[in-house]
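Scroll down for the structure; my scribbles are underneath it.
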Amino acid sequence: MEGEVVLETRNLTKLYGQLHALKGVNLRVRRGEFLSVMGPSGSGKTTLLNLMGALDRPTDGEVIVQGKALGELMDIDAFRNRKIGFVFQFQNLIPTLTAIENVEVPMQESRISRGERRERAERALRSVGLGDRLDHKPNQLSGGERQRVAIARALANDPAFILADEPTGELDTETGRMIVELMKRINREQGKTFIIVTHNLEVAKRTDRVIHLRDGEIEREEAVRSELLEDLIHFMNSELGRKIVNMEAERDEPLEWLGIFEDGRLGRSGETLRSVLKGL
Amino acid sequence: MALRNIARRKARSTLTVLGITVGIASMVFLMSMMGGLDAQVTSIMERGGADLLVLQRGSFDLMLSRLSESDVKGLQQVPGVEAISYSLFMVTKVENYPYFIVNGLRLGEFTIGHFDVVEGEGLTPADEGKILLGRKIASHLKKRPGDEIVLQGNRFEVAGIYETGLRFEDFGSVILLEGAQRVFDLEGFLSLVEVKVVDLASLEEVKASISRAFTNVEVNVPREVASKQEDLQLIRSAASGVSLVAVLFGTIIITNTMIMSVYERTREIGILRALGWRKRSVLLMFLRETLALSLMGGASGIAMALAGTYLLENFTSTVIPMRTDLLHVVYGIGSAIALGVLGGAYPAVRAARMDPIEALGHEV
């Protein structure tokens with residue numbers, strides 16, 4: 001992968017009491033990357049995101065953003081405010097404020113005039129297609145619209161990074177897909193670096209690179225863009241794919257002939273296929 | 001933003017504001033009452049231009065002072081004394097009115113000249129069976145010149161109605177000193193002697209020479225007597241106590257409201273901190289809300305106190321005079337602000353100190 005490394009974690013470790021949430025994670029993120037972090041719950045993905053976003057301090061190791069270690073920053077609030085845009089899973093907006101006021105919230109912490117704040121918030125909302133919803137309160141917006149307001153808010157201070165924690169977690173598949181497409185478009189058009197934590201494969205496969213975390217360690221990482229992978233994912237989500245993963249064998253002559261099933265259980269090829277699919 | 005956050009929980013905010021309103025209202029009301037009482041007592045003491053008051057030794061309270069006329073014999077001759085005025089001051093029940101004030105005064109002395117007769121006639125030396133009524137008590141008892149009034153079993157004919165503008169006096173009466181002494185079985189006794197001096201510059205000298213020459217008396221300037229009135233002091237401390245409790249009560253209410261509000265909005269606080277809001281900004285956000293609540297309570301409390309004062313003065317027959325001045329309003333607003341800051345400080349600090357991650361993970 002080309003491009004300058006803008007965010008790097010070195011031996012990033014986080015302990016919560018006895019619990020080893022992260023065990024020495026080394027990760028390099030390049031400018032303009034559209035990256036996802038996947039893993040089952042408890043794998044440490046949200047912890048990793050929080051450390052990268054300076055919401056938390058590591059027990060050991062460091063996060064280096066644009067050449068500077070976060071641990072040495074004097075003003076961590078200002079860093080979060082100017083460099084990072086956060087998108088969370090749910091209850092993301094301030095319920096008493098309108099869409100445009102919600103987008104203005106991060107700008108209230110920076111020295112931006114009221115007029116300019118409004119102008120920038122409006123621009124950000126238009127860029128996510130909510131130009132006609134400026135004065136709506138969160139409860140007057142759909143789930144997808146709310147998440148788009150949150151994305152506009154993350155863009156408000158023109159940060160270099162957008163960190164998203166399960167941004168589609170509360171949305172239906174179709175809306176979730178649109179939100180990912182929106183983020184992807186912003187990544188492409190505005191060059192923002194995205195790091196998206198998700199447990200949704202559909203989301204992950206739309207990113208450039210997937211980091212798989214397990215038990216606080218990077219299990220592996222992969223570039224997802226291959227046709228084969230897309231096909232495999234498609235296959236895994238099919239009825240047959242699910243059966244293979246769940247080891248529910250069936251009697252089917254061509255499949256038995258291919259060695260996928262054998263005497264009512266997975267055959268040799270079936271086992272291989274299963275291990276490939278499980279690894280996705 | 002502060003007002004909208006307050007409007008989120010309308011019922012709770014309204015109750016909070018109401019609690020503060022009651023607290024501030026009682027405080028301002030009591031202060032107005034104390035202000036009125038002080039002013040009233042001082043002006044009564046200074047009535048007719050008295051520069052010094054001679055009372056029984058050791059009795060600061062006007063009602064308890066008993067001087068015999070022989071105690072003060074020769075007072076007029078003390079160098080520097082321009083004029084003296086004898087006075088017997090009593091309170092009794094007349095008809096249904098329990099605080100009927102009787103001033104026993106002597107004709108020709110300066111104090112009686114202070115009671116301006118506005119209807120009927122003044123008293124003459126032959127008028128021992130006659131009485132002058134204050135304008136307010138006259139209208140309260142529905143008496144006019146020529147009517148009768150019974151004082152301790154003695155009939156008096158209303159000679160005239162006076163008006164001094166002092167609520168205590170306008171709810172009282174004037175009879176001749178000898179008559180008063182007889183009615184109250186206090187022949188030869190006085191409550192006090194009011195003294196005018198020739199030259200105010202020598203006030204202290206005159207005061208000292210009276211104290212030297214008369215052993216059984218206490219000499220004071222009127223303002224001192226007013227401030228030393230024991231019952232006033234008692235009322236004053238009761239009023240301060242009640243005010244303090246009221247304000248404390250308001251502080252607790254507002255603390256409670258804000259703690260609940262901070263708890264409910266934990267996630268929001270997490271979001272604000274994640275978006276780069278500083279602790280200080282979160283702190284100020286909550287302090288602004290408490291201040292808005294307490295100022296609303298303060299303003300409506302003051303309005304309530306003023307309304308109460310107005311109603312008491314104009315629609316009841318109480319002798320308690322009310323005086324609200326700007327200072328009381330300033331105190332009211334000041335206490336509301338203090339209460340907001342005190343009550344809001346702990347919840348706001350708690351909000352500001354929240355760990356953003358824990359706050360983000362919080363679910364209500």
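Please list, or write none, the lysines whose alpha carbon is within less than 24 Å of the alpha carbon of B:Lys142, excluding same-chain residues fewer than 8 places away.
By straight Cα distance, B:Lys142 reaches B:Lys93, B:Lys130.
Taking Cα pairs under 8 Å and at least six residues apart, what relative contact order does region A:60-173 come out at, in percent?
Numbers: 152 pairs, mean separation 45.4, N = 114.
It rounds to 40 percent for region A:60-173.
From the phi angles alone, apply the Karplus equation (6.51, -1.76, 1.60; θ = phi - 60°) to region B:15-23 and give each ³J(HN,Hα) in whole Hz, x where the residue is Gly or Pro.
3J(HN,Hα) across region B:15-23, in whole Hz: 5, 4, 4, 5, x, 5, 3, 4, x.
Can you tell which of B:Leu311, B:Ile149, A:Thr272 lies farthest toward the positive end of the dipole of the protein assembly as shown, using +1 and -1 charges on the Cβ of basic and acidic side chains (Lys, Arg; Asp, Glu)?
The residue sitting most towards the positive pole is A:Thr272.
Using a Förster distance of 22 Å, how high is the FRET efficiency between A:Ile76 and B:Leu284, based on the Cβ-Cβ distance and rounded to 0.05? Don't skip to the answer; put the middle values down first.
Working: r = 19 Å, r/R0 = 0.85.
After rounding to 0.05, the efficiency reads 0.70.
Specify the residue with the greatest mean-square fluctuation among B:Thr16, B:Thr92, B:Thr42, computed from a Gaussian network of chain B linking alpha-carbon atoms under 10 Å apart.
B:Thr92
Residue farthest toward the positive end of the dipole of chain B, with Cβ of Lys/Arg at +1 and Asp/Glu at -1: which of B:Gly80, B:Leu176, B:Pro356?
It is B:Pro356, whose Cα lies furthest towards the positive end.
Note down the magnitude of the dipole of region A:229-278 about its Cα centre, charges +1 on Lys and Arg C-beta and -1 on Asp and Glu C-beta and zero elsewhere, to the nearest 20 debye. Before the final figure, lay out the partial values.
Working: 7 positive and 11 negative charges, 50 e Å.
Dipole about the Cα centre, nearest 20: 240 debye.
Which whole-number percent is the relative contact order of region A:229-278 (Cα, under 8 Å, 6+ apart)? Please list the in-between numbers first.
Numbers: 48 pairs, mean separation 15.9, N = 50.
32 percent.
Per-residue HN-Hα couplings for region A:136-150, Karplus 6.51 cos²θ - 1.76 cosθ + 1.60 at θ = phi - 60°, whole Hz, x for Gly and Pro?
Once rounded to whole Hz, the list reads 7, 7, x, 6, 9, 10, 7, x, x, 5, 4, 5, 5, 4, 4.
How many nm separate the modelled label positions at A:Gln190 and A:Asp158, each set 7 Å beyond the Cα in the direction of the Cβ?
My value for the distance between the label points is 1.1 nm.
Arrange A:Glu271, A:Glu248 by Cβ neighbour counts within 10 Å, fewest through most, would you?
With the fewest neighbours first, A:Glu271, A:Glu248 line up as A:Glu248, A:Glu271.
Run down the lysines and flag those whose C-alpha is under 29 Å from the C-alpha of A:Lys184, throwing out any fewer than 8 positions away in its chain.
Qualifying lysines at Cα under 29 Å: A:Lys45, A:Lys68, A:Lys83, A:Lys137, A:Lys192, A:Lys205, A:Lys278.
Measure out, as a whole number of angstrom, how far apart the alpha-carbon centroids of region B:150-217 and region B:70-120 sit.
3 Å
Sequence neighbours fewer than 8 away in the same chain don't count; with that in mind, list the aspartates and glutamates whose C-alpha is under 20 Å from A:Lys243.
List returned: A:Glu202, A:Glu230, A:Asp231, A:Asp252, A:Glu253, A:Glu256, A:Glu262, A:Asp263, A:Glu271.
Got a sec? How would A:Lys83, A:Lys278, B:Lys143 order by Cβ neighbour count within 10 Å, fewest to most? Show your work: numbers first, answer last.
Working: A:Lys83 22, A:Lys278 10, B:Lys143 19.
Arranged by neighbour count, lowest to highest, A:Lys83, A:Lys278, B:Lys143 become A:Lys278, B:Lys143, A:Lys83.
Need the C-alpha centroid separation for region A:1-64 versus region B:250-329, integer Å.
46 Å
Describe numerically, in nm with one decimal, the distance between label points set 7 Å from Cα along Cα→Cβ at B:Thr124 and at A:Asn246.
With each label point 7 Å from Cα toward Cβ, the separation is 12.1 nm.
Identify which of A:Arg185, A:Arg120, A:Arg153 has the largest mean-square fluctuation in a Gaussian network model of chain A, with springs joining Cα atoms closer than 10 Å.
Top of the fluctuation ranking is A:Arg185.
How shielded is B:265-274 by partner chains, expressed as the average number of their Cβ atoms within 10 Å of its Cβ atoms? Walk me through the numbers on the way to the answer.
On the way: counts 3, 0, 5, 6, 0, 3, 11, 5, 3, 13.
Partner Cβ neighbours, averaged per residue: 5.
How big is the dipole moment of region B:106-249 about its Cα centre under a simple scheme where the beta carbon of each Lys and Arg is +1, that of each Asp and Glu is -1, and everything else is neutral? Debye, nearest 20, please. It would help to have the intermediate numbers written out before the result.
Numbers: 16 positive and 23 negative charges, 89 e Å.
So the magnitude is around 420 debye.
Which of A:Ile260, A:Phe235, A:Val245 sits farthest toward the positive end of the charge dipole of region A:229-278, with +1 on the Cβ of Lys and Arg and -1 on the Cβ of Asp and Glu?
A:Val245
What residue among B:Met285, B:Met304, B:Met296 has the largest mean-square fluctuation in a Gaussian network model of chain B, using Cα springs under 10 Å?
Among B:Met285, B:Met304, B:Met296, the largest GNM mean-square fluctuation belongs to B:Met285.
Once you average over the residues of A:71-80, how many Cβ atoms of partner chains fall within 10 Å of each Cβ?
Values: counts 0, 0, 0, 0, 2, 2, 9, 2, 1, 7.
Counting Cβ atoms of other protein chains within 10 Å of each residue's Cβ and averaging gives 2.
Within 10 Å of each Cβ in A:42-51, how many Cβ atoms from other chains are there, averaged over the peptide?
On the way: counts 0, 0, 0, 0, 3, 1, 0, 0, 4, 0.
Counting other chains' Cβ atoms within 10 Å and averaging over A:42-51 gives 1.
Output ³J(HN,Hα) for region A:239-250: one whole-Hz value per residue in order, computed from phi by the Karplus curve 6.51 cos²θ - 1.76 cosθ + 1.60 with θ = phi - 60°, and x for Gly and Pro.
Values per residue, Gly and Pro as x: 4, 5, x, 4, 4, 5, 4, 8, 6, 9, 6, 9 Hz.
Below 8 Å, C-alpha to C-alpha, sequence gap of six or more: please give me the relative contact order for region B:52-220 in percent. List each step's numbers first, then the result.
Working: 359 pairs, mean separation 62.5, N = 169.
Here the relative contact order equals 37 percent.
Does the protein assembly as shown come out rounded, prolate or oblate by the C-alpha gyration tensor, with a ≥ b ≥ c the root eigenvalues, rounded set by a/c under 1.5 and, if not, prolate when a/b is larger than b/c and oblate if not? If you can, show how the numbers build up before the last one.
Working: a/c = 4.55, a/b = 3.79, b/c = 1.20.
It is prolate, given that a/c is not under 1.5 and a/b is the larger ratio.
For B:Leu132, B:Leu53, A:Leu182, what's the fewest-to-most ordering of other Cβ within 10 Å of each Cβ?
On the way: B:Leu132 28, B:Leu53 25, A:Leu182 19.
Result, fewest neighbours first: A:Leu182, B:Leu53, B:Leu132.
Any read-out appearing in this document is the output of simple, stated calculations on the displayed coordinates, not a laboratory observation. Predicted, not measured: the structure shown is a model, and the values here were computed from it. Because the Cβ atoms are built from the backbone with ideal geometry, glycine has one as well, and the counts that use them run over all protein chains shown.
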